[in-house]
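The values are calculated or read from the model by the stated rules, or taken from the named source; none is laboratory data. This structure is a prediction, so every number in the text was calculated from the model and none was measured. Don't worry about glycine lacking a Cβ; one is built from the backbone with ideal geometry, like all the others, and counts go over all protein chains shown. Side chains included, ligands, DNA and RNA excluded: accessible areas come from the protein's heavy atoms. Shrake-Rupley method; radii C 1.70, N 1.55, O 1.52, S 1.80 Å.
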Amino acid sequence: MTFTLDFMGAAGGVTGSRTLVKFDGYSVLVDCGLFQGPKEIRQKNWDMMLPPAAKVNAVVLTHAHLDHSGYLPRFFRQGWRGPIYCSEGTADLLPVMLRDAAFLEAEFAHYANQAGYSNHKPALPLFTQEDVELVLEHIQPQKRGPWLQLAPDVSLRFANAGHIIGASILEFALIHKNGSRTLTFSGDLGHDRSLTMRPPEPITETDALVLESTYGDRVHPRNHVVHEFSQIAKRTFERKGVLVIPAFAVGRAQEILYIVRQAEDQGLIPQVPVLLDSPMSSFATKVFFDHPEDHKEGCPFSVVEGQECYLPAQFKTITTSDDSMLACMQDGPMIVISAAGMLNGGRILHHLKARLPNSNNTILFCGFQAEGTKGRILQERPNGLDKLRIHHQEVPIEAEIATMASLSAHGDWQDLCGWLKRMTKPPSTVIINHGDPEAMKAMVGHVKEILPRATVTPMLTPGRITLF
Ligand SMILES: [Zn+2]
């Protein structure tokens, strides 16, 4: 009896997480994510077919980020039906994440048709709101901890991954002819320096491990985030500039708001207007407060009283697109937080168009920027790049571009190794996924140093691994 893993995405890259786990006639798809980034990567969402619908018994999600969940509506559009298992936090986030994704799909198709730049005539969305509603009917939220029987020989449980609300490590237990075996997916792992999120739960033992490697070749600075943030904010405000922060509305936005409040309370920055411009932001903030099981212990907010000690003094959420456009014209000093975090769509693009040409402003990156995304291009400015193409316009880059790596929702390689070292029975097989090629290769070296006898394989391209 063999047990196979088909890596169909997040292989040699960080998006499109999809791994089909097959065992004795039963198959479960771990994550069902969108490919995100430049056009040639997004094209995979159209070209890459998942296995014929009937061959997948269930979908299990590590977390709600779209590169892990956003292909679900397309999968349902292709005819698949079945249970989607995820944590309670993920189940609460999915409606807003997927509905927003369908909205962006429709908007993208609309722009493409207006501007006539699509290969498809007419340009079509990958999926629609109806597909999303169908997905939502099939979600089966699970508590973290107890085992869930998926099939006679396969069970599953969720553990806290500390990455965003609901993010989970998946542990599969399998009854095998040679005894039982365990297979663990790290999912996206957080770290212990977040001010708001609980660190990843230690896993004591596993036979095989699929480990993410987003920052497999980097170490985040251990700076004090509130002080580091305050320095960047202060110099922007002294120029009467606007501090624009591209952030995933879910996860980073909540952490940043809390950091701004801390900086205000400690007198490190003046109180200025702080606008959260994302249609899903207030919902995501509510979900954040609904899940204290994921909050950092000792964090000075609770479900009931949280907002008063959590939000900046002059905080405002923007919901309508008219107000969003008005915010683009408002004078600094102020802070604007908007999605998408990697600049691959959404309202952040309007803010960049308005703020990039002025050297008083600052664009502050605080999350991972995948290779090929506008975010990575602006962050690295290859060959002294002085213009960024947004909505088919060349926008001059005059604003300060800053990065706070210490704010990432992903652990770096030292965090990943620290988590691995806490296992009392470490894995004999480690498969590295979810990283750019250099990060994956570096992570192989780091794991081999801790586990010299383990087989460590980087998934540099999609492919199959047979276990046990
Ligand atoms: Zn994630």
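Excluding same-chain neighbours fewer than eight residues apart, the lysines reachable from Lys39 by a Cα-Cα span under 22 Å are Lys121, Lys353, Lys374, Lys387.
Packing-wise, with mean Cβ within 10 Å as the measure, how do 392-404, 56-68, 177-189 rank, highest first?
Numbers: 392-404: 15.2, 56-68: 25.2, 177-189: 19.2.
Going by the mean number of other Cβ atoms within 10 Å, highest first, we get 56-68, 177-189, 392-404.
Per-atom-type breakdown for the chain gives carbon and sulfur 52% of the accessible area (1.4 Å probe, protein chains only). Excluding ligands, DNA and RNA, the accessible surface per residue across the chain is 40 Å² with a 1.4 Å probe.
Could you tell me whether region 73-162 comes out rounded, prolate or oblate from its Cα gyration tensor? Rule is a ≥ b ≥ c as square roots of the eigenvalues, rounded for a/c under 1.5, then prolate if a/b exceeds b/c, otherwise oblate. Don't skip to the answer; put the middle values down first.
On the way: a/c = 3.47, a/b = 2.37, b/c = 1.46.
It comes out prolate by the Cα gyration axes.
Here's the picture: charge each Lys and Arg Cβ at +1 and each Asp and Glu Cβ at -1 in region 225-407, and of Pro396, Gly241, His350 the one pushed furthest to the positive end of that dipole is Pro396.
Each residue of region 131-148 was assigned a 3J(HN,Hα) from its phi angle through the Karplus expression (A = 6.51, B = -1.76, C = 1.60, θ = phi - 60°), giving 4, 4, 4, 5, 4, 4, 5, 9, 7, 10, x, 10, 6, 6, x, x, 7, 10 Hz with x at Gly and Pro.
Computed from label points 7 Å out along Cα-Cβ, the spacing between Glu238 and Arg453 is 5.8 nm.
The amide H of Tyr85, built 1.01 Å from its N in the peptide plane, has Val59, Val60, Leu61, Gln140 as neighbours under 5 Å, considering only residues 5 or more places off or on other chains. Reported to the nearest whole Å, the Cα centre-to-centre distance from region 6-56 to region 62-76 is 10.
How much accessible area does Glu40 have with a 1.4 Å probe, in Å² rounded to the nearest 10? The accessible area comes out at roughly 130 Å². Residue by residue, region 221-231 carries 3J(HN,Hα) couplings of x, 8, 5, 6, 4, 5, 5, 4, 4, 4, 4 Hz when phi is fed to the Karplus relation 6.51 cos²θ - 1.76 cosθ + 1.60 (θ = phi - 60°); x denotes Gly or Pro. Available extension along the chain between Ala106 and Thr320 is 75.3 nm, counting 0.36 nm per residue and deducting the alpha carbon span.
Residues in region 166-175 carry Karplus couplings, in order, of x, 4, 9, 8, 10, 10, 9, 10, 10, 8 Hz; the curve used is 6.51 cos²θ - 1.76 cosθ + 1.60 with θ = phi - 60°, and Gly or Pro positions show x.
Any idea what the relative contact order of the chain is, in percent, if you count C-alpha pairs under 8 Å spaced at least 6 apart? Intermediate values should be presented prior to the final figure.
Numbers: 1033 pairs, mean separation 88.9, N = 468.
Value for the chain: 19 percent.
Using a Förster radius of 41 Å, what is the FRET efficiency between Asp153 and Leu124 based on their Cβ-Cβ separation? Nearest 0.05, please.
On the way: r = 41 Å, r/R0 = 1.00.
Efficiency, from the Cβ-Cβ distance: 0.50.
Counted over the chain, the DSSP beta bridges are approximately 45% antiparallel.
Tell me whether region 398-468 comes out rounded, prolate or oblate; compute the Cα gyration tensor, take square roots of the eigenvalues as a ≥ b ≥ c, and use a/c under 1.5 as the rounded threshold. Present the calculation step by step, with values, prior to reporting the outcome.
Details: a/c = 2.96, a/b = 1.66, b/c = 1.78.
Judged from the Cα gyration tensor, region 398-468 comes out oblate (a/c at least 1.5, b/c at or above a/b).
Which of the three applies to region 221-352, rounded, prolate or oblate, going by the alpha-carbon gyration tensor with a ≥ b ≥ c and a/c under 1.5 meaning rounded? Verdict is oblate for region 221-352.
Descending by average beta-carbon neighbour count within 10 Å, the peptides 163-171, 146-154 line up as 163-171, 146-154, the highest first. In straight-distance terms, cross-link reach from Lys425 covers every one of the lysines whose alpha-carbon lies under 16 Å from its own, apart from those fewer than eight places away in the same chain; here that gives Lys448.
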